[in-house]
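Take a look at the structure below.
The values are calculated or read from the model by the stated rules, or taken from the named source; none is laboratory data. Given the structure is predicted, the values throughout are model-derived calculations rather than measurements. Note that we place each Cβ from the backbone using ideal geometry, even for glycine, and neighbour counts take in every protein chain shown. Areas reflect the complete protein model, heavy atoms only, side chains present, ligands, DNA and RNA absent. Shrake-Rupley method; radii C 1.70, N 1.55, O 1.52, S 1.80 Å.
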Amino acid sequence: MSVLAIRDLTLSFRLWSGPVEVLHGISLSIARGERVALVGESGSGKSVTARIVLGLLQDQSGARIGGRVEFQGRNLSGMSARERRALRGRDISMIFQDPTSSLNPVFRIGGQFREVLARATPGISDTKARATATGLLEEVAIHDPARVLDSYPFQLSGGMNQRVMIAMALANRPSLLLADEPGTALDVTVQAQTLDLMRTLVDDHGTSVLFISHNLGVVREFADRVYVIYRGRIVEEGPTRAVFEHPGHPYTRALMAAQPNLTGGGLPRIPERDPSFLAPLVVHGDRT
Amino acid sequence: MILVLRSLSKTFETGQHRVQALSDVTLEVAEGECMAIVGESGSGKSTLANVVLGLYPPTSGEITFEGEPLPAQRTLAHRQAIQLVQQNPASALNPRRSVAASLRLALDVHGIGEPRKRRARVEELLGDVGLDPSYATRAPAALSGGQRQRVAIARALACESRLVVLDEPTSALDVLVQAQVLRLLDELRTKRNLTYLFITHDLAVVRNIATRVAVFQKGRMVEIGPTETIFSAPSHSYTRSLISAVPVVTPEEFAMRERLGGRS
């Protein structure tokens, strides 16, 4: 059974100027332990998809959601706000792009960590929380967890904060991790370490990941399977290797060609928009 | 040499803290070059850009532009000759001013061309950066990110600048848009013999647009050379680790990374 199954998901916002269609019926699924990437440019609908899975858009007035989102076989749209809230931080967690602004600047890491642990273990004692947090920080290769727990986020580097975020996101052993451009705000060397770390941890715990990114290189290295999204529609899906080695959709091909190459080759001439980008979905075989 | 930096250092002091943002940087840039300044956060690359632009004076060392030493207090002529294109075009343009008004202001401030010909000049500039003249009346908010960056580039061209400091000019753009803006920059440089100081952390972009590369680490220049050499035979270990850390896509790139000794 899939951990996450999205079928014909539509989203529109009612604005004073009329409705705006954001998602035009997207479908995707993630198996247990699978790392799936949703890749697309800004405004393609990739981040709102994550927000719907997290249950954050359902309660927003003006947002109209259609289709089905099933988490471990349960329909998210049928749940009450309270039930959805209970999933967050326990069964589904999220890592955002900018770690430093995701942490509260006026509380020490230790206190924020305790709050996360209390989601799964209400009334956890301070000593127990600290001991657990110490272990979790060691897991993300932080060698002096005591100092980090006593620090405020602004006292730590971006890379360190991102590790703290990863440790927190995985603290309650969620079955699904949503990662929205993790590492984009970090330097390349730190980004590479962070992604390696994340991969090892989700492998160890069998966590499923929905990985949202515009960076093809990062997706190529991290994901098992890829969905390419363009203006609210999935245009191509398949195993990472297949999609990267034999991109079938005109939009995917344009994306790959536009990516500057580390081995050179010059600057390609690619249209920013093209009617062919709206061609029908391309699906690669060998689905797991 | 259009730009020469000699033993340039910059130290910031705030109370107890002393940060050496640039230490003893010597660099010569020839006319018509695209000189890439590469490094991670804290490497000093933005400090270098700001010192060249005259936003703050160096602590020690000297900057020579077109054979003349650049003073700490820049004249209008200096500011005209050395222009900046920033990372985020949304905040680089005045949101209340139309595209034409932003470009016109640059022409007016620097007294470029006869006043009655400036309206036509604004249209020409839009054409130069691949924008339809109808965009002239629009506000920045009515443009896409790529179009805004084109306007920012047009503004730098309006000043008839000789040196353009490009501070991460495409890192806020989508990859398809980035490809076009990079092409535009490359064409403008060759067509007008412009000199670029291209500040970036994106090595894949550098590989395809720069003529030479200077690698910075913690305020020091650790390696400099022609783009080909830096990528085919990097000699400093930091350069190698920087190149190896770039997430890559094609088999050729994977092979290249393997050759450089993989990831540390």
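A few remarks follow.
- Being touching a Gly at 6+ places or on another chain (Cβ under 9 Å), surrounded by 17 or more Cβ atoms within 10 Å (Cβ to Cβ), in contact (Cβ under 8 Å) with a residue 40 or more places away in the chain and within 18 Å of A:Leu177 (Cα to Cα) is a property that A:Ile52 lacks.
- One residue stands out among those in segment A:13-33 that are among the polar types (S, T, N, Q) and surrounded by fewer than 18 Cβ atoms within 10 Å (Cβ to Cβ): the one that is nearest to A:Pro239 (Cα to Cα), which is A:Ser27.
- Test: B:Glu123 is without any contact (Cβ under 8 Å) to a residue 60 or more places away in the chain, among the charged types (D, E, K, R) and touching a Pro at 6+ places or on another chain (Cβ under 6 Å): yes
- Of all the listed residues (B:Ala90, B:Ala81), the sole one being of a type in the set (A, V, I, L, M, F, W, C), under 20 Å from B:Ala152 (Cβ atoms) and either modelled with pLDDT under 95 or open to solvent by 80 Å² or more (accessible area, probe 1.4 Å) (or both) is B:Ala90.
- Residue among B:Ile63, B:Ile153 that alone is in contact with a helix residue (DSSP H, G or I) (Cβ under 9 Å, 6 or more places away or on another chain) and part of a strand (DSSP E or B): B:Ile63
- Extreme residue, surrounded by the fewest Cβ atoms within 10 Å (Cβ to Cβ), among residues of segment B:235-246 that are within 9 Å of chain A (Cβ to nearest Cβ) and polar (S, T, N, Q): B:Ser241
- Strands (runs of 3 or more DSSP E) wholly inside segment B:1-43 that include at least 3 residues being charged (D, E, K, R): B:3-14, B:17-29
- Of all residue pairs spaced 6 or more apart or on separate chains, those with beta-carbon atoms under 7 Å, a first member in segment A:240-257 that is in contact (Cβ under 8 Å) with a residue 40 or more places away in the chain and within 12 Å of chain B (Cβ to nearest Cβ) and a second member that is in a helix (DSSP H, G or I) and open to solvent by 30 Å² or more (accessible area, probe 1.4 Å) are A:Thr240/A:Arg220.
- Every residue from segment B:185-234 that is of a type in the set (A, V, I, L, M, F, W, C), within 14 Å of chain A (Cβ to nearest Cβ), open to solvent by less than 20 Å² (accessible area, probe 1.4 Å) and not in a helix (DSSP H, G or I): B:Phe198, B:Ala210, B:Val213, B:Val215, B:Phe216
- Which listed residue is touching a residue at least 12 places away in the same chain (Cβ under 8 Å) and either part of a loop (DSSP other than H, G, I, E, B) or more than 30 Å from A:Ser42 (Cβ to Cβ) (or both), from A:Ile124, A:Ile142: A:Ile142
- Scanning segment B:133-157 for residues that are in contact with a strand residue (DSSP E or B) (Cβ under 9 Å, 6 or more places away or on another chain) and more than 14 Å from chain A (Cβ to nearest Cβ) yields B:Ala152, B:Ile153, B:Arg155, B:Ala156, B:Leu157.
- Applying the set (1) within 16 Å of the chain's Cα centre (by Cα); (2) farther than 29 Å from B:Leu173 by Cβ to A:Ser151 leaves exactly one unmet item: (1).
- Filtering segment A:145-167 to residues that are within 30 Å of A:Ala31 (Cβ to Cβ) and either within 14 Å of chain B (Cβ to nearest Cβ) or touching a residue at least 60 places away in the same chain (Cβ under 8 Å) (or both) leaves A:Gln162, A:Val164, A:Met165, A:Ile166.
- A:Arg85 vs. criteria within 30 Å of A:Val148 (Cβ to Cβ) and either open to solvent by 50 Å² or more (accessible area, probe 1.4 Å) or touching a strand residue (DSSP E or B) at 6+ places or on another chain (Cβ under 9 Å) (or both): yes
- Listed by position, the helices (runs of 4 or more DSSP H) enclosed by segment A:154-242 that each have at least 1 residues that are of a type outside the set (D, E, K, R) and more than 29 Å from A:Ile124 (Cα to Cα) are A:188-205, A:216-222.
- Taken over segment B:63-116, the criterion of being in contact with a strand residue (DSSP E or B) (Cβ under 9 Å, 6 or more places away or on another chain) and of a type in the set (S, T, N, Q) is satisfied by B:Thr64, B:Gln83, B:Gln86, B:Gln87.
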